[in-house]
1. How many percent of DSSP beta bridges within the stretch 44-184 run antiparallel, rounded to 5?
2. Hey, how many Å between the Cα centroid of the stretch 92-120 and the Cα centroid of the stretch 69-90?
3. In nanometres, what is the gap between the two model label sites at Leu95 and Lys164, each 7 Å from Cα along Cα-to-Cβ?
4. Multiply the residue gap between Glu180 and Phe143 by 0.36 nm, knock off their C-alpha separation, and tell me the result in nm, one decimal place.
5. Where the only charges are on Cβ atoms (+1 Lys, Arg; -1 Asp, Glu), what is the dipole of the stretch 44-184 about its Cα centre, to the nearest 20 debye?
6. Find the relative contact order for the stretch 44-184 and round it to a whole percent, using C-alpha pairs within less than 8 Å whose residues are 6+ positions apart.
7. Between Thr129 and Asp45, what FRET efficiency follows from the Cβ-Cβ distance if R0 is 25 Å, with the result rounded to 0.05?
Amino acid sequence: MMISRRTFLSILFASGFALISWLNFPSTAEAFGGKLPSINQPAPDFTLPTNTGDGKISLSDLHGKWLVLYFYPKDFTPGCTIEARRFQQDLPKYLEKNTQIIGVSADDVDSHAEFCDSEGLKFPLLADTTGAVSKAYGSWMSFISKRHTFIIDPKGILRDTFVKVNPAIHSKEILRRLSELQQAT
């Protein structure tokens, strides 16, 4: 018995779909980082190792300070380097605003330490090697973090989200928005 190519592809597709369903793979949204957390709700909690050798940093450690939590794809890449340099350049302005900058990527602690040393970064980078925190923030894409930034207030409430980020001007955008948010509270 001979079947047409079209019939064969239909059977193959249906079989593949059944197999994927049977294996209980995550939905597309879950596989690619889930959805962004809601503004004006508690930010997703996290605890991750840091490049500084101080062990781990948790969201709860930062209560009482504003937090700029930025996710980025990879240490030492052009866009990520520019973004980190701009945050470092503006770090004194953030400190004046009682604000902690923290970067997160899937790179390990050693890579983060080398990146901070080579770029003179004075803020922590957290190693999200499994992508769990990136996923909780809707910022995961296959095996790297997406370039997203979140502003979290001193009580741990998510106040703003940035998903279309231009690394060259992003820190200035965040400073402007942070000033607006701080004046409103």
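Bear in mind these aren't lab numbers, they're just calculated from the coordinates by the rules spelled out. Treat the numbers as computed from the prediction; the structure is a model and nothing was measured. So basically every Cβ, Gly included, is an ideal-geometry build from the backbone, and we count neighbours across all protein chains shown.
1. Of all bridge pairs located within the stretch 44-184, approximately 60 percent are antiparallel.
2. Each part reduced to its Cα centre gives a spacing of 8 Å.
3. That separation, rounded to one decimal, is 3.5 nm.
4. Full extension from Glu180 to Phe143 adds 9.9 nm.
5. Details: 17 positive and 18 negative charges, 123 e Å.
My answer is approximately 580 debye.
6. 30 percent
7. E(calc), rounded to 0.05, equals 0.90.
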